[in-house]
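K.L.:
Quick one: the structure is below, questions incoming.
What follows is calculated from the coordinates using simple rules that are stated; it is not laboratory data. Since the structure is predicted, the reported quantities are computational estimates derived from the model, not experimental observations. As a convention, Cβ positions derive from the backbone with ideal geometry for all residues, glycine included, and neighbour counts pool all protein chains shown.
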Amino acid sequence: MDIIKNRKIFFSISLAIIIVGIIMMAVNGLNRGIDFEGGTLIQIRIGKTISVDEVRLIVDKFDKEASIVHSGEKKDEIQIKSKKDFNNKEIHQIFNEFKEKYKLKDEDLVQSQKFGPTMGKEIRQKALLSSAIAVVAMLIYISWRFEFKFAISAIIALAHDVLIMLSVYAIFRIPVNGSFIAAILTILGYSINDTIVIFDRIRETRRLSRKDSYEKVVNDSIKKSLTRTINTSITTLVTILLLYILGVDDVKVLALPLIIGVIAGTYSSIFIASPLWYVFKSKEKDAKYNARKA
């Protein structure tokens, strides 16, 4: 496959997903989870491990969108997180349903609390600050190790990964929570690593084949790195998929954005970052040619 020749197709695929995602975000907004919206947390000690489906038979009567996770050393407690602002009467109605079904005592209501979106705001601010610091550090490092155009291409590719993840979440109305923020920061590191491997190959190919065109250099470099990139991504995806299929709910909420991020990061490393560098270098070459001609 001639990746440089077909770069506009790859750019268009990403752009189409991002545009649809932006429209969905503008119309419906993101489906923000309890970490960002606030709500009610209820923790109940059952005394044994019960399935999430069993818990939902009761919880769905009050909130079908509530998240349920197991807690406690023996996983014999459940945490119910709802975006609804339940009053004390409703909280005790929920607990009484479990109390009657599982023969619980009053002290088995471990905790019940309401909280606002303050925690979500703090997480968001720290995530943005961390991302900004990371972007600046990457720009400096990649510019020093390679060149500035490599750095700009890499940062645009990272922005692409984040926008693709947000778009998928907006299109399919997947709840955005604290795990999503953690996954984005993880994917930024994963994606830039893949991108730098290909950039390193481009630099090496340019040094060995100075007479070759930029198009040939990029295509050859991607082909040489393709097996390594795909094998790494498949290995990572298989592991995360198993976690998503076999894991409990609190593992799945982290695994899902990681799956989307790994796919987006692999795609951007091959089809976005390197072709962008080619575009920048071609424009630089044309500008120099026009300047000499003038």
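K.L.:
Once you've got the GNM for the chain with C-alpha springs shorter than 10 Å, pick whichever of 109, 15, 246 has the biggest mean-square fluctuation.
P.N.:
It is 246.
K.L.:
In percent, what relative contact order does segment 57-139 have, based on Cα pairs under 8 Å that are 6 or more apart in sequence? Provide the component values of the computation, followed by the final result.
P.N.:
Numbers: 38 pairs, mean separation 15.6, N = 83.
19 percent.
K.L.:
Follow-up. Which of the trypsin sites (Lys or Arg not before Pro) found in segment 195-244 are in a DSSP loop and have at most 15 neighbouring Cβ atoms, other than their own, within 10 Å? Display every interim value, and only then the final one.
P.N.:
Details: sites: 201, 203, 206, 207, 210, 211, 216, 223, 224, 228; in loops: 210, 211.
Those that pass, being in a loop and sparsely packed, are 210, 211.
K.L.:
Also, I was wondering about something else. What is the sum of charges around residue 41, taking Lys and Arg as +1, Asp and Glu as -1, for the other residues whose C-beta is under 14 Å from the C-beta of residue 41?
P.N.:
It works out to a net charge of -3.
K.L.:
Which of the helices in the chain, when you take each full DSSP H run, stretch at least 20 Å along the axis at their Cα atoms and have an average Kyte-Doolittle score of 0.0 or higher? Show your work: numbers first, answer last.
P.N.:
Numbers: long enough: 7-28 (31 Å, 1.95); 88-102 (21 Å, -1.51); 118-145 (40 Å, 0.69); 148-171 (34 Å, 1.89); 178-208 (46 Å, 0.60); 214-246 (45 Å, 0.56); 249-268 (29 Å, 1.25); 274-293 (28 Å, -1.34).
Passing helices, by number: 7-28, 118-145, 148-171, 178-208, 214-246, 249-268.
K.L.:
Among [x] 52; [y] 38; [z] 44, find the value of percent of Cα pairs over 27 Å apart that was calculated from the structure presented, and write down its label.
P.N.:
Calculated percent of Cα pairs over 27 Å apart: the matching label is [x].
K.L.:
Related question: How much FRET efficiency would the formula 1/(1 + (r/R0)^6) give for residue 5 and residue 234, where r is the Cβ-Cβ distance and R0 is 25 Å, rounded to 0.05?
P.N.:
Numbers: r = 26 Å, r/R0 = 1.03.
Between residue 5 and residue 234 the formula returns 0.45.
K.L.:
Report, ordered by chain and residue number, the aspartates and glutamates lying within cross-link reach of residue 75, taken as a straight Cα distance under 18 Å and ignoring same-chain residues fewer than 8 apart.
P.N.:
Within the straight-line limit of under 18 Å, residue 75 reaches these aspartates and glutamates: 53, 54, 107, 108, 249, 250.
K.L.:
Still on this structure: What percent does the relative contact order of the chain come to when contacts are Cα pairs within less than 8 Å and at least six residues apart? Intermediate values should be presented prior to the final figure.
P.N.:
Details: 353 pairs, mean separation 72.1, N = 294.
Computed value for the chain: 25 percent relative contact order.
K.L.:
Using the Cβ atoms and a cut-off under 14 Å, what net charge is assigned to the surroundings of residue 157, where Lys and Arg are +1 and Asp and Glu are -1?
P.N.:
Working: positive: 7, 149; negative: 161, 194.
Neighbour charge sum, excluding residue 157 itself: 0.
K.L.:
Stretched out fully, how many nm does the piece from residue 130 to residue 110 gain, at 0.36 nm a residue minus the Cα gap?
P.N.:
Value of the extension gain: 3.7 nm.
K.L.:
Greater than 30 Å separation of Cα atoms is the criterion. Which listed pairs, 5/126; 61/126; 48/81; 224/252, meet it?
P.N.:
On the way: 5/126 40 Å; 61/126 36 Å; 48/81 20 Å; 224/252 34 Å.
Those over the limit are 5/126; 61/126; 224/252.
K.L.:
To continue, here is another question. Enter the Cα centre distance for the pair segment 176-228 and segment 18-61, rounded to the nearest angstrom.
P.N.:
36 Å
K.L.:
How do the peptides 89-100, 261-272 rank, highest first, by the average count of neighbouring beta carbon atoms within 10 Å per residue?
P.N.:
Working: 89-100: 15.8, 261-272: 24.2.
Ranking, from highest mean packing down: 261-272, 89-100.
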